[in-house]
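The next block holds one structure in the form of structure tokens; read it before the comments.
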Amino acid sequence: MQTPHDLAVIVCTRNRATMLAAALRSITQAVPAGVEVLVVDSASDTWETRDVAEAAGAGYVRSEIRGLSIARDLGLRTSTRPLVLFTDDDCIAVDGWIDPILERFGDPTVGAVTGRMLDHTLIGDTGAPAPPRRFTRTIQGPDAGHGAVMAFRRQLVLELGGFDDVLGAGRHLAGAEDLDMFCRVLDAGHAIVHEPSCIIHHTNTREGDSYTALHLGYGLGLGALANKLLRLRFRVGIAFLAVLLKRTGGRAVRHFRDPRKGSADRAMLRGIRQGFVAGARMKLQGTTFIDEHPPPSTPVDEHVDRDTERNR
């Protein structure tokens, strides 16, 4: 079995210092001694993220270029631990969440382990977890878990080329970087185990236009992923696209009269179409898109920096 000294918990964040502080409090309280906690700052506008990380006793590294996948890859390169667990800055960790992750990595055929993300209203009332599920086929990647709690063998992800920089929050194709990595891990012949006894709680609920925009971004990423799979594994791509359209279309029909969910489902369908077209226009290098238009560098504002340093 792996030990806590084999694991790094990586939190990628941008301009959400208050949420990050709450997440780090829960993480540092819920991880066993020996686990590395690393904050990756995805081009925040001020030094608040650094200050919060230092106050929590966490490691800190900053990317001048925004993008969740870019931040995840920086975390992979910064840590030297053989296992890395990614969670989000709007999540609260639960006692005991690390032990099942380490246990599952005792199986050398397992390349990734995922956990359960529950709403924050269910803290203390999670119910009996379902049995673990094991995934071995590429097409199962979208069902293998969620980016809010996913752990990998670090070297495996690096060998696969890291996360796809054009996918995920902070980019136009603002989703599916987690599902893309699951598919690639499975396609490389490694298993993924979903471990329901590993639990985090999600605290940031979006409403209105923000909720709709979130699902548009998810759709954009999923559409691009569908195009990638179609080019790399034609039959898998066809099956993935069919399942994606069936599920999203079915939700759109069921939620047609629901102003909140219906709008989000329709936005997601638009995003899938637009993301598929965008993916078709991009070149591939191995199993990742070539990032021909990376975001510009975002240095910390010098005026804000001076004020922050004066108050430290």
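Tabulated data for the structure shown
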item: Counted residues, the range 271-299 - those being under 21 Å from A71 (Cα atoms) and modelled with pLDDT of 90 or more; result: 14
item: Hey, C198 in contact with a Leu (Cβ under 8 Å, 6 or more places away or on another chain) and not polar (S, T, N, Q) or not; result: no
item: Segments classed as helices (runs of 4 or more DSSP H), wholly inside the range 15-119, with at least 3 members that are touching a strand residue (DSSP E or B) at 6+ places or on another chain (Cβ under 6 Å) and under 17 Å from Q2 (Cα atoms); result: 98-104
item: Considering residues of the range 120-147 that are at pLDDT 95 or above and in a loop (DSSP other than H, G, I, E, B) only, the residue nearest to G162 (Cα to Cα); result: G147
item: Top-ranked residue in the range 190-221 [being buried (at least 22 other Cβ atoms within 10 Å of the Cβ), touching a Ser or Thr at 6+ places or on another chain (Cβ under 8 Å) and among the aliphatic types (A, V, I, L, M); ranked as nearest to A278 (Cα to Cα)]; result: I192
item: Members of the range 166-196 that are within 20 Å of R153 (Cβ to Cβ) and assigned to a strand (DSSP E or B); result: A191, I192, V193, H194, E195
item: Every pair of residues 6+ apart whose Cβ atoms lie under 9 Å, when the first sits in the range 241-261 and is under 19 Å from T212 (Cβ atoms) and touching a residue at least 24 places away in the same chain (Cβ under 8 Å) while the second is among the acidic types (D, E) and exposed (fewer than 12 other Cβ atoms within 10 Å of the Cβ); result: R260/E207
item: Residue count for the range 28-86, restricted to those that are farther than 19 Å from I98 by Cβ, polar (S, T, N, Q) and surrounded by 20 or more Cβ atoms within 10 Å (Cβ to Cβ); result: 5
item: Of all residues in the range 142-174 being without any contact (Cβ under 8 Å) to a residue 60 or more places away in the chain and surrounded by 20 or more Cβ atoms within 10 Å (Cβ to Cβ), the one that is nearest to T87 (Cα to Cα); result: G145
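Here is a yes/no grid of residues against (1) in contact with an Asp or Glu (Cβ under 6 Å, 6 or more places away or on another chain); (2) of a type in the set (A, V, I, L, M, F, W, C); (3) under 21 Å from L85 (Cβ atoms); (4) free of Cβ contacts under 8 Å to residues at least 40 places away in the same chain:
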{"position": "M19", "(1), (2), (3), (4)": "yes, yes, yes, no"}
{"position": "A22", "(1), (2), (3), (4)": "no, yes, yes, no"}
{"position": "R25", "(1), (2), (3), (4)": "no, no, yes, yes"}
{"position": "T28", "(1), (2), (3), (4)": "no, no, yes, yes"}
{"position": "V37", "(1), (2), (3), (4)": "no, yes, yes, yes"}
{"position": "T49", "(1), (2), (3), (4)": "yes, no, yes, yes"}
{"position": "A53", "(1), (2), (3), (4)": "no, yes, yes, yes"}
{"position": "V61", "(1), (2), (3), (4)": "no, yes, yes, yes"}
{"position": "E64", "(1), (2), (3), (4)": "no, no, no, no"}
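The values are calculated or read from the model by the stated rules, or taken from the named source; none is laboratory data. This one's a predicted model, so the numbers in the text were calculated from it and none came from an experiment. We place every Cβ from the backbone using ideal geometry, glycine too, and count neighbours over all the protein chains shown.
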